[in-house]
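Okay, so here's the structure we're looking at.
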């Protein structure tokens with residue numbers, strides 16, 4: 001007979017697949033509603049807007065040339081685009097590549113130590129202050145939108161138009177786009193596409209309803225006038241400066257919207273070791289954002305459902321560490337007591353625990369992955385179904401890496417290690433051609449882009 005503790009364990013285990021099922025239904029409902037014209041943006045006359053796309057760059061010679069070229073190509077008479085690249089103390093060919101790009105719409109900010117390499121937030125703040133200075137001079141403070149793209153980030157003209165429509169809504173100061181993975185030929189990369197394009201998409205669609213949309217590091221857009229409300233440094237030194245910015249905007253009563261129709265693509269991390277470093281940094285950043293829990297609970301700008309969403313997101317890293325210990329202990333005890341043929345204190349008959357373990361295998365480990373693989377196939381239709389199912393089977397291992405990363409993030413936070421671990425990029429097809437064009441420009445001495453070198457206290 002199953003005891004009370006076993007029932008509680010079973011309920012906890014089944015909660016995960018139930019949560020994923022509900023989230024998937026929210027995302028699918030959102031997709032269906034958009035198919036009949038609900039874009040999330042209220043039809044209105046779009047005010048004049050111009051986009052200033054900020055690209056932080058630290059040793060990005062593999063990707064920076066095609067990324068800048070793609071960003072400049074977004075410029076249209078209806079939506080003018082300027083690009084600001086922050087060379088954050090690069091020691092590879094990144095500075096030379098940037099200086100070789102001949103385009104008046106490009107501004108390059110060369111940062112030197114000790115100001116450089118203080119994290120992505122510091123680089124973004126340097127670009128923000130430069131844009132503010134130019135905006136005041138041009139009288140364009142109210143019409144400028146600051147977009148953030150990673151050095152491997154790409155978007156489309158249609159996406160900028162969609163973002164402009166979203167930001168035209170009353171009370172909306174920021175917008176986050178959908179994120180896709182470009183280099184998803186490898187299975188690990190494809191799982192990350194499922195994570196961003198399906199799971200995160202469904203979560204953000206739900207947050208659109210409850211008022212807790214988060215900002216990501218790639219494909220975030222904020223009105224310059226909105227950023228100005230946060231002072232000279234809208235982005236902080238937090239390791240997830242994007243998440244923290246979103247929280248601060250919500251606390252200030254600024255509306256943030258998410259749109260599926262605007263898409264930003266990026267590279268996946270295809271090496272497990274580098275993936276662990278990236279996710280450890282993210283986990284540590286989430287630990288750092290825990291300091292906002294009290295402010296969120298006391299805020300009148302956050303809805304009740306929005307607060308619950310914030311709490312589950314911010315508390316999850318803190319709960320993951322002790323829960324993983326409990327699960328490991330229960331699993332170890334189950335194996336030992338099953339071999340001994342004895343009962344388990346508190347839990348009782350080990351056969352009941354093994355039955356719960358089987359439920360965990362099917363319901364917790366396999367079901368969510370297969371569910372999201374199916375959602376990917378049905379909603380995006382750009383990958384074969386067999387590959388989506390294969391990624392679903394791999395998904396449990398991906399979650400386990402997340403647990404390991406959380407432990408590493410906790411260790412880093414405990415040791416006060418706030419060093420920024422940069423994500424390495426891979427060279428893409430077509431990048432060689434872009435690099436060759438830049439080299440030709442360098443040889444001809446055609447560097448005429450606007451340049452600004454941040455003065456160093458050392459000089």
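The values are calculated or read from the model by the stated rules, or taken from the named source; none is laboratory data. Quick caveat, the model's predicted, so the values are computed rather than measured. As a convention, Cβ positions derive from the backbone with ideal geometry for all residues, glycine included, and neighbour counts pool all protein chains shown.
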_If I filter segment 183-199 down to residues being more than 15 Å from residue 374 (Cα to Cα) and surrounded by fewer than 22 Cβ atoms within 10 Å (Cβ to Cβ), which single residue comes out as nearest to the chain's Cα centre (by Cα)?_
189
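Which residues, taken from segment 100-143, are assigned to a helix (DSSP H, G or I), touching a residue at least 40 places away in the same chain (Cβ under 8 Å), surrounded by fewer than 20 Cβ atoms within 10 Å (Cβ to Cβ) and more than 27 Å from the chain's Cα centre (by Cα)?
Step one: of segment 100-143, the residues assigned to a helix (DSSP H, G or I) are 120-138.
Checking which are touching a residue at least 40 places away in the same chain (Cβ under 8 Å) leaves us with 120-132, 135.
So of that shortlist, the ones also surrounded by fewer than 20 Cβ atoms within 10 Å (Cβ to Cβ) come out as 129-130, 132.
Across segment 100-143, there are no qualifying residues.
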*Could you say whether any residue in segment 28-36 is at pLDDT 95 or above, in contact with a strand residue (DSSP E or B) (Cβ under 7 Å, 6 or more places away or on another chain) and either within 30 Å of residue 99 (Cβ to Cβ) or surrounded by fewer than 19 Cβ atoms within 10 Å (Cβ to Cβ) (or both)?*
no
*Examine segment 64-82 for a residue that is assigned to a strand (DSSP E or B), within 17 Å of residue 147 (Cβ to Cβ), in contact (Cβ under 8 Å) with a residue 60 or more places away in the chain and in contact with a strand residue (DSSP E or B) (Cβ under 6 Å, 6 or more places away or on another chain), and state whether such a residue exists.*
yes
*Considering only segment 55-99, how many residues are surrounded by 24 or more Cβ atoms within 10 Å (Cβ to Cβ) and under 14 Å from residue 127 (Cα atoms)?*
9
*Within the bounds of segment 266-275, is there any residue that is over 18 Å from residue 420 (Cβ atoms) and touching a strand residue (DSSP E or B) at 6+ places or on another chain (Cβ under 6 Å)?*
yes
*Does residue 280 satisfy being within 21 Å of residue 317 (Cβ to Cβ), assigned to a loop (DSSP other than H, G, I, E, B) and more than 12 Å from the chain's Cα centre (by Cα)?*
no
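If the requirement is being at pLDDT 95 or above and surrounded by fewer than 22 Cβ atoms within 10 Å (Cβ to Cβ), which of these qualifies: 154, 180? It would help to see each step written out before you state the result.
On the way: 154 fails: surrounded by fewer than 22 Cβ atoms within 10 Å (Cβ to Cβ).
From the options 154, 180, the qualifying one is 180.
When you check residue 375 against the structure, is it at pLDDT below 95 and either part of a helix (DSSP H, G or I) or exposed (fewer than 14 other Cβ atoms within 10 Å of the Cβ) (or both), yes or no?
Details: at pLDDT below 95: yes; either part of a helix (DSSP H, G or I) or exposed (fewer than 14 other Cβ atoms within 10 Å of the Cβ) (or both): yes.
Yes.
If I filter segment 411-420 for residues that are closer than 29 Å to residue 69 by Cα and modelled with pLDDT under 95, do I get at least one hit?
First, the residues of segment 411-420 that are closer than 29 Å to residue 69 by Cα: 420.
Still in the list and also modelled with pLDDT under 95: 420.
Yes, segment 411-420 contains a residue that is closer than 29 Å to residue 69 by Cα and modelled with pLDDT under 95.
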